[in-house]
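Here's the structure we're looking at; comments come further down.
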Amino acid sequence: MHKTSAWPLALIYAALIVFASLFPFEGWREQGISPWVFFTARIPPPYWTWFDVNLNVAGYAPLGFLLALALLRTGWPRAAVPVAALAGALLSFAMEYLQIYLPRRVPSNMDLALNAAGALLGALAAALLERLGAIARWSRFRELWFVPQARGALVLLALWPWALLFPAALPFGLGQVWDRLEAALTELLEDTPFIGWLPVREPVLEPLPPGGELLAVALGLLIPCLLGYGVMRHVGRRVVFALAAATVGVAVTALSALLSYGPTHAWEWLTPAARAGLGVGLGAALALAAVPRRASAALLLLALMLHLNLLNEAPASAYFAQTLQAWEQGRFIRFYGLGQWLGWLWPYAALMYVVLHVSRRDTQS
């Protein structure tokens, strides 16, 4: 049995599909119509666009790919494509069925067909890559570049660019949740004796100074580099990895700004402080390329705690505070809930991973 990262990635992606399909999870009620009504609706529906067609196919293709890949890598070559395609179709069916109880969502038989087609195409792509030897080459690449126990870190590194897609208060600023958590707890405990238990924090009105923004951006870039260093040995490969992480991070942040606010704003996040932070973060990552793996884990813990404390002490609207309301929202806003939760939870998942990883190594030693 091959221990592959495709299984956890497939499960995470399926959970994200459920979240995106049922968001915002409110207004559940019986609407007086049959849950099966979408089966007999006309195809195509009157409101469809080519963007919706491409989105439905593209949304389920990674799920089919990851499921088929996981089955291929764990000894189920003949069942990989049909099982992955069937699982994608069943998940889509369940989502369309449940959407009939959400007034803000519209179930569609066309969405079901396109989602199933996307899952099938993804599964076929995985089978084709396996037949062409690409998956075996990736396995050899992984064995060459990473230690055998790298699955958790690789899953987190694969999710990092997706977490960056939702616009953050600061570039690379993942995990800024305390203001929202405090507001949610206040609403939940209002008119109860427990409301007095909540700590009172003074509201922060001033944005981070340029030095604070520089440090936050630098740490935001350094964190994934240190996460990669914890599962890599060769110094030269660590240098290549750090350069690749910086390139991907900058590209995804620019793509997020482009999709959210329009092409003219794609690079406005790159303020002088952000540019300096990128330089400092990349310089620190390159300087630390030779540190041992255990030291990388210790530095990662320190960087995560400092970064989260810095971000959560800053006001939520520190990034483009005066111009954000004037920008036109693009179609990326459709992924509001999905991307936001990834951006909120990624650093805490990384923190949990490195603590468990270090504890496990201490137990084994």
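All of the numbers you see were taken from the coordinates with simple rules; none came from a lab. Only a predicted model underlies this, so the values are computations on that prediction, with no experimental measurement involved. Counting neighbours? That spans all protein chains shown, and the Cβs are built from the backbone with ideal geometry, glycine included.
Within 13 Å, Cβ to Cβ, of Pro103, how many net charges do the neighbouring residues add up to if Lys/Arg are +1 and Asp/Glu are -1? Don't skip to the answer; put the middle values down first.
Working: positive: Arg29, Arg104, Arg105; negative: Glu26, Glu30.
That works out to +1.
Note on Leu132 and Arg78: with the Förster distance fixed at 22 Å, the Cβ-Cβ geometry gives a FRET efficiency of about 0.80.
Here the extension length gained between Val239 and Ala113 equals 40.9 nm, from 0.36 nm per residue of separation less the Cα-Cα distance. Using 0.36 nm per residue and subtracting the Cα-Cα separation, the extra length available between Phe19 and Ala287 on full extension is 92.5 nm.
For every other residue with a beta carbon closer than 11 angstrom to the beta carbon of Leu226, add +1 if it is Lys or Arg and -1 if Asp or Glu, then tell me the sum.
On the way: positive: Arg238, Arg293; negative: none.
Here the count lands on +2.
Between Val248 and Val358, what length comes free when the chain is fully extended (0.36 nm per residue of separation minus the Cα-Cα distance, one decimal in nm)?
Working: separation 110, 0.36 × 110 = 39.60 nm, distance 2.72 nm.
36.9 nm is the gain from fully extending Val248 to Val358.
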